Amino acid sequence: MTIPTNLAERASELRNLINKHNYQYYHLDNPDVTDSEYDRLFRELQQIETDYPALLTADSPTQRVGGAALDKFNQITHAMPMLSLDNVFDADELKSFEQRVCDWLNTNETQLYAAEPKLDGLAISIRYENGVLKQAATRGDGAVGEDVTANVRTIPTVPLKLMGDNVPEVIEIRGEIFMPKDGFEALNKAQVEENKKPFVNPRNAAAGSLRQLDSKITATRPLAMYCYGLGEIQGMERPKSHTEAMNLIAGWGCRISPELKQVKGVQGCLNYIQQLGERRDSLPYEIDGVVFKVDSIALQERLGFVSRAPRWAIAYKFPAQEEMTVVEDIEIQVGRTGALTPVARLKPVFVGGVTVSNATLHNQDEILRKDVRVGDTVIVRRAGDVIPEVVQVVLSRRPEHTSVFSMPTQCPICQSEVERVEGEAIARCSGGLYCPAQRKEAIKHFASRKAMDVDGLGDKLVEQLVDEGLIDDVADLFKLTVEQLSSLERMGEKSAINLINALQAAKQTKFARFLFALGIREVGEATARALASHFLTLDALQKADEETLLEIEDVGSIVAHHIMTFFHQPHNQEVIEQLLAVGVNWPEEQKIAADSSLSGKTIVLTGTLDQLSRSEAKEKLLALGAKVAGSVSKKTDYVVAGRDAGSKLTKAESLGVAVVDESTLVDWLNQEK
Ligand code: D41
């Protein structure tokens with residue numbers, strides 16, 4: 001078959017165009033065409049390749065979709081072995097590392113290091129011949145790995161062809177393949193929806209995806225790669241430094257860590273660790289430490305390696321976010337709305353930087369899915385501020401005679417019937433405020449900062465008060481006496497007086513806070529505010545029927561139902577009357593001017609404000625009928641950027657959302673007065 005020359009040219013042109021758009025999209029996060037334009041180019045190329053298979057090249061961007069499944073991976077011997085990394089865990093060990101480097105080099109000078117995050121993924125080596133991806137192998141034991149070429153070809157950030165005119169004949173690029181956090185969440189959500197087992201962590205998900213015999217499956221998985229080194233090189237001199245090598249690699253269109261920096265000496269390393277550590281949880285991928293490499297290749301060569309680990313590199317490991325421990329018991333906690341939450345009592349374990357002795361098991365479905373039993377050894381995870389979680393049972397360590405956990409049919413606190421609504425994951429105690437556990441939680445909520453804000457009335461004290469029989473409901477709080485309080489364990493007269501004063505002060509509140517404090521199911525801060533400004537008085541709200549409630553945006557039939565049920569309960573009516581009788585009050589609500597120019601606008605505050613506090617600004621905007629959101633989206637009307645505004649400002653700019661500064665905000669607020 002003869003191929004029209006213009007089609008051969010067009011195919012080549014399309015490959016270049018699509019590669020360029022890919023680069024803009026995946027590497028620079030700055031797409032330069034619309035999705036539909038991209039799809040059009042892609043389909044045009046696919047069509048040409050289908051019509052004229054001879055025009056299909058190995059580096060064509062259409063070849064990322066995966067191919068025929070394998071029955072096993074072939075073994076590949078690395079042209080240059082892939083070294084391993086030694087670990088250190090604290091500043092002293094890091095100092096010893098630098099000391100060893102200096103001793104070996106016979107110098108006292110501090111060294112220049114290249115620093116980069118240590119990604120938690122899989123090491124890989126990719127071989128390019130004349131710029132075209134020929135082979136990709138896992139690290140394996142460092143000498144021999146597995147041929148995962150077909151899978152690696154499906155990863156969007158891995159170039160099938162290197163860019164630029166300085167690409168050597170042969171180059172092996174090494175790096176880490178990983179799964180970003182958001183991709184991991186999405187993948188696991190899909191796994192659960194399809195009744196498949198979710199992955200334990202992004203690392204396992206990345207490994208499972210890369211070691212798929214069917215590359216079509218790998219193609220659907222959100223994998224990415226950062227490069228961190230070079231293997232064999234032919235036709236080019238080895239670069240002079242690690243930094244230079246990374247710049248070369250980036251110039252060829254491969255991704256390198258945006259966090260790559262040069263640092264000087266141990267102090268520079270420690271500063272880098274400190275700064276990256278603070279950002280660990282907000283990075284879009286998981287890291288387990290920092291890697292430091294002596295930057296100069298000449299020095300690297302002088303230092304050499306011992307038993308496969310280079311003397312010129314070290315991994316500083318952060319505290320692990322996953323550890324193993326034993327489940328000593330499973331207890332049920334009863335929440336404010338009666339929700340029963342199973343909690344694992346654990347043999348204390350140091351994980352994610354703190355000692356953990358409890359982990360939530362969420363609900364019955366979760367506990368059954370994970371099949372966590374008393375006596376089991378489990379993997380516990382604590383990442384950032386997220387509450388500790390049991391991710392998996394280590395079945396190989398399950399002792400004999402364990403039994404499947406089942407949720408109780410009666411509330412463990414008040415023995416009321418446990419109910420579980422069809423289709424809901426949560427089982428609830430039906431005892432309502434008869435249940436001491438729910439009562440305690442309701443009172444804690446009432447006193448909390450965003451509700452009535454009773455200074456000094458913490459959770460422990462509330463429990464003590466209920467257990468001692470001094471209070472049964474929130475109205476009782478205001479009947480407490482100094483004598484009663486000082487009789488409590490660990491409570492002096494001074495603290496007792498302070499608490500009485502705080503309660504006195506809390507009586508002066510706002511309508512919205514009061515509504516939120518009542519703890520009506522599904523009525524959070526925002527809904528409470530909407531109810532307050534819509535109904536203006538408690539009386540009007542209590543009399544509202546479903547139809548009137550549904551007029552409010554954000555209130556659907558379920559919330560409306562909860563609100564009406566709450567106000568129809570005689571007990572709640574009684575408590576509200578008592579609260580008003582003891583003097584709980586609030587200034588009259590003002591109808592929000594519907595003609596306020598900010599009414600209905602969605603505003604995001606970011607950066608530091610100098611003339612008023614964030615919460616003041618928020619209150620004032622809300623009073624003008626604006627919505628104050630936490631993150632920027634296409635729906636945002638304005639972003640108010642204070643000093644040192646960061647990613648939200650960048651996002652606003654990229655979405656074309658209007659940005660104003662603090663003085664404009666102040667002008668707006670003044671005009672609307
Ligand atoms: O991010 C990583 N996991 C990472 C791993 C990295 N940033 N740099 C690395 N550098 C090396 C040397 C110094 C040997 C080139 C590594 C690894 N090695 C490595 N990964 C797995 C074993 C060794």
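The values are calculated or read from the model by the stated rules, or taken from the named source; none is laboratory data. The structure displayed is predicted, hence computed values, not measured ones. Virtual Cβ from ideal backbone geometry, glycine too; neighbours counted across all protein chains shown.
One residue is enough: does the stretch 282-300 have a residue meeting the conditions surrounded by fewer than 21 Cβ atoms within 10 Å (Cβ to Cβ), within 12 Å of the ligand (Cβ to nearest atom) and either of a type in the set (S, T, N, Q) or assigned to a helix (DSSP H, G or I) (or both)?
yes
Residue by residue through the stretch 57-115, note down the ones that are touching a helix residue (DSSP H, G or I) at 6+ places or on another chain (Cβ under 8 Å), more than 16 Å from the ligand (Cβ to nearest atom), of a type in the set (Val, Ile, Thr) and within 15 Å of residue 312 (Cβ to Cβ).
Within the stretch 57-115, 110 is the sole residue that qualifies.
Just for helices (runs of 4 or more DSSP H) wholly inside the stretch 167-269: which have at least 1 residues that are within 16 Å of the ligand (Cβ to nearest atom) and within 30 Å of residue 368 (Cα to Cα)?
181-193, 202-210
Restricting the stretch 20-56 to residues that are within 24 Å of residue 227 (Cβ to Cβ) and in contact with a helix residue (DSSP H, G or I) (Cβ under 6 Å, 6 or more places away or on another chain), which is surrounded by the fewest Cβ atoms within 10 Å (Cβ to Cβ)?
Only one residue tops the list, namely 30.
Can you tell which of 451, 442 is within 32 Å of the chain's Cα centre (by Cα) and part of a helix (DSSP H, G or I)?
Of 451, 442, the one residue that is within 32 Å of the chain's Cα centre (by Cα) and part of a helix (DSSP H, G or I) is 442.
So is residue 222 farther than 23 Å from residue 87 by Cα and surrounded by fewer than 17 Cβ atoms within 10 Å (Cβ to Cβ) or not?
Spelling it out, it is not the case that residue 222 is farther than 23 Å from residue 87 by Cα and surrounded by fewer than 17 Cβ atoms within 10 Å (Cβ to Cβ).
Return the residue satisfying two criteria in turn: it lies in the stretch 133-144 and is surrounded by fewer than 22 Cβ atoms within 10 Å (Cβ to Cβ) and either farther than 13 Å from residue 58 by Cα or within 16 Å of the ligand (Cβ to nearest atom) (or both), and of such residues it is nearest to the chain's Cα centre (by Cα).
So the residue we want is 139.
Looking only at the stretch 386-424, which residues are farther than 30 Å from residue 280 by Cα and assigned to a strand (DSSP E or B)?
Passing the criteria: 410, 417, 418, 419, 420.
Of 85, 94, 112, 122, which residue is of a type in the set (A, V, I, L, M) and farther than 30 Å from residue 322 by Cα?
112
Does residue 558 meet the test of being within 40 Å of the chain's Cα centre (by Cα), outside any helix (DSSP H, G or I), over 18 Å from residue 474 (Cβ atoms) and not polar (S, T, N, Q)?
no
Answer yes or no: is there a residue in the stretch 83-93 that is modelled with pLDDT of 90 or more, more than 35 Å from the chain's Cα centre (by Cα) and either on the phi < 0 side of the Ramachandran plot or crowded, with 16+ Cβ neighbours inside 10 Å (or both).
no
Note down all Cβ pairs under 8 Å where the first residue falls in the stretch 108-125 and is over 18 Å from residue 226 (Cα atoms), the second is within 11 Å of the ligand (Cβ to nearest atom), and they're at least six residues apart or on different chains.
Going by the 8 Å Cβ cut-off, the qualifying pairs are 111/294; 112/294; 113/292; 113/293; 113/294.
Which one of these is touching a residue at least 24 places away in the same chain (Cβ under 8 Å), part of a loop (DSSP other than H, G, I, E, B) and surrounded by 11 or more Cβ atoms within 10 Å (Cβ to Cβ): 622, 669, 665, 612?
612
So, in the stretch 301-326, of the ones that are hydroxyl-bearing (Ser, Thr, Tyr) and over 19 Å from residue 90 (Cα atoms), which residue ends up nearest to the ligand (Cβ to nearest atom)?
Among those that are hydroxyl-bearing (Ser, Thr, Tyr) and over 19 Å from residue 90 (Cα atoms), it is 307.
Given the conditions (1) surrounded by 15 or more Cβ atoms within 10 Å (Cβ to Cβ); (2) more than 16 Å from the ligand (Cβ to nearest atom), which single one is not true for residue 130?
Among (1) surrounded by 15 or more Cβ atoms within 10 Å (Cβ to Cβ); (2) more than 16 Å from the ligand (Cβ to nearest atom), residue 130 violates only (1).
If a residue must be of a type in the set (D, E, K, R) and either within 17 Å of the chain's Cα centre (by Cα) or farther than 25 Å from residue 382 by Cα (or both), how many such residues does the stretch 192-220 contain?
Qualifying residue count, the stretch 192-220: 5.
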